[in-house]
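K.L.:
Sending over a structure as structure tokens; questions will come in a sec.
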Amino acid sequence: MKLILISDVAELGAKGDVVDVSEGYGRNYLLPKNLAVKATSGALKNAEALQRTRREAERKAFEEAETVAKTLVGTRVVVAARAGDEGRLFGSVTQADIVEGVRKFTGVELDRSTIQLTEPIKSIGLYEIRVKLHSDVEFPLSLDVIPA
């Protein structure tokens, strides 16, 4: 059974994809949940238009991420945090703190979900963190945590 996906379906395809599935899966799951429509000639034309717009949006997002990455690569961001005598922080430096530091030093607005911390930053020092702006655009950022 040929269907056109209306929304993204895990392990099957993205919105606008034309997929070939078994009769039961299409009739009992995809169609009743409005995840897909039958592939008619008119619907196929709509699917092509959806795929074109999705590719264009994806290309535009990639280019914007590349531009931001080129701006931030090699940048050292300094974040001030309250710390004790031995260099241990009162609390930790969060993704939101890093995003605020990037905004103050470079003027670039990032979403906090793009900052990837492997573990919480709980002491003063220099850290290398990963920033993932797009599925294909990931780069390191130097973070210097200093006492406030």
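K.L.:
If you line up the Cα atoms of the chain on their principal axes, what length do they span on each, largest first, in Å?
P.N.:
Cα extents, longest axis first: 69, 30, 17 Å.
K.L.:
Using modelled backbone amide H atoms (1.01 Å from N, in-plane), which distant-in-sequence or interchain residues come within less than 5 Å of residue 123's amide H?
P.N.:
Answer set, sorted by chain and number: 89.
K.L.:
Expected output is a single nm value to one decimal: the length gained when fully extending between residue 146 and residue 104, i.e. 0.36 nm times separation in residues minus the C-alpha distance. What is it?
P.N.:
Result for the pair: 13.6 nm of gain on full extension.
K.L.:
How many nm separate the modelled label positions at residue 90 and residue 41, each set 7 Å beyond the Cα in the direction of the Cβ?
P.N.:
Each label point is offset 7 Å from its Cα along the Cβ direction, giving 7.4 nm.
K.L.:
What translational D, rounded to a whole number of µm²/s, comes out for segment 33-109 from Stokes-Einstein when the hydrodynamic radius is the Kirkwood one over Cα pairs, at 10 °C and 1.306 mPa s?
P.N.:
Calculated translational D: 94 µm²/s.
K.L.:
Farthest toward the dipole's positive end in the chain, which of 34, 83, 96, given Cβ charges of +1 (Lys, Arg) and -1 (Asp, Glu) about the Cα centre?
P.N.:
It is 34, whose Cα lies furthest towards the positive end.
K.L.:
Need the full-extension length gain, residue 112 to residue 22, defined as separation in residues times 0.36 nm minus the C-alpha distance. One decimal, nm.
P.N.:
Numbers: separation 90, 0.36 × 90 = 32.40 nm, distance 4.08 nm.
That works out to 28.3 nm of additional length.
K.L.:
Just to confirm, what accessible area per residue do you get for the chain at 1.4 Å probe, in whole Å²?
P.N.:
Values: 9450 Å² over 148 residues.
Averaged over the residues of the chain, the accessible area is 64 Å².
K.L.:
Okay, moving on. On full extension of the chain, what length is gained from residue 48 through residue 82, given 0.36 nm per residue of separation minus the C-alpha to C-alpha distance?
P.N.:
Net length gain for the segment: 6.8 nm.
K.L.:
Any idea what the dipole of segment 17-148 comes to, in debye rounded to 20, about its Cα centre with Lys/Arg Cβ at +1 and Asp/Glu Cβ at -1?
P.N.:
Taking the Cα centre of segment 17-148 as origin, the dipole is about 360 debye.
K.L.:
Okay, moving on. Give 70/122; 70/132; 33/60; 60/132 a once-over and call out the pairs whose C-alpha atoms are over 19 Å from each other.
P.N.:
Flagged as over cut-off: 70/122; 33/60.
K.L.:
Output the 0 to 90 degree angle, nearest 10, between the alpha-carbon long axis of helix 95-106 and the longest principal axis computed from the alpha carbons of the chain.
P.N.:
That helix lies at roughly 70 degrees to the long axis.
K.L.:
Moving on. Where the accessible area of segment 1-46 is counted over protein heavy atoms with a 1.4 Å probe, how much of it, in %, is carbon and sulfur?
P.N.:
That fraction is 51 percent.
K.L.:
Now for a different question. Of all DSSP beta bridges in segment 12-148, what percent run antiparallel (nearest 5)?
P.N.:
70 percent
K.L.:
Sticking with this structure for a sec: Give me the angle, in degrees from 0 to 90, between the Cα long axis of helix 41-72 and the longest principal axis of the Cα atoms of the chain, rounded to the nearest 10.
P.N.:
Helix 41-72 sits roughly 10 degrees off the main axis of the chain.
K.L.:
Give the share of C-alpha pairs in each 10 angstrom bin for segment 83-148, from 0 to the last occupied bin, in whole percents, shortest bins first.
P.N.:
20, 54, 22, 4, 0
The values are calculated or read from the model by the stated rules, or taken from the named source; none is laboratory data. In this text the structure is predicted, and so the values were computed from the model without any measurement. Glycine also receives a Cβ, built like all others from the backbone with ideal geometry; neighbour counts cover every protein chain displayed. Surface areas here come from the heavy atoms of the whole protein model, side chains and all, with no ligands, DNA or RNA. Shrake-Rupley method; radii C 1.70, N 1.55, O 1.52, S 1.80 Å.
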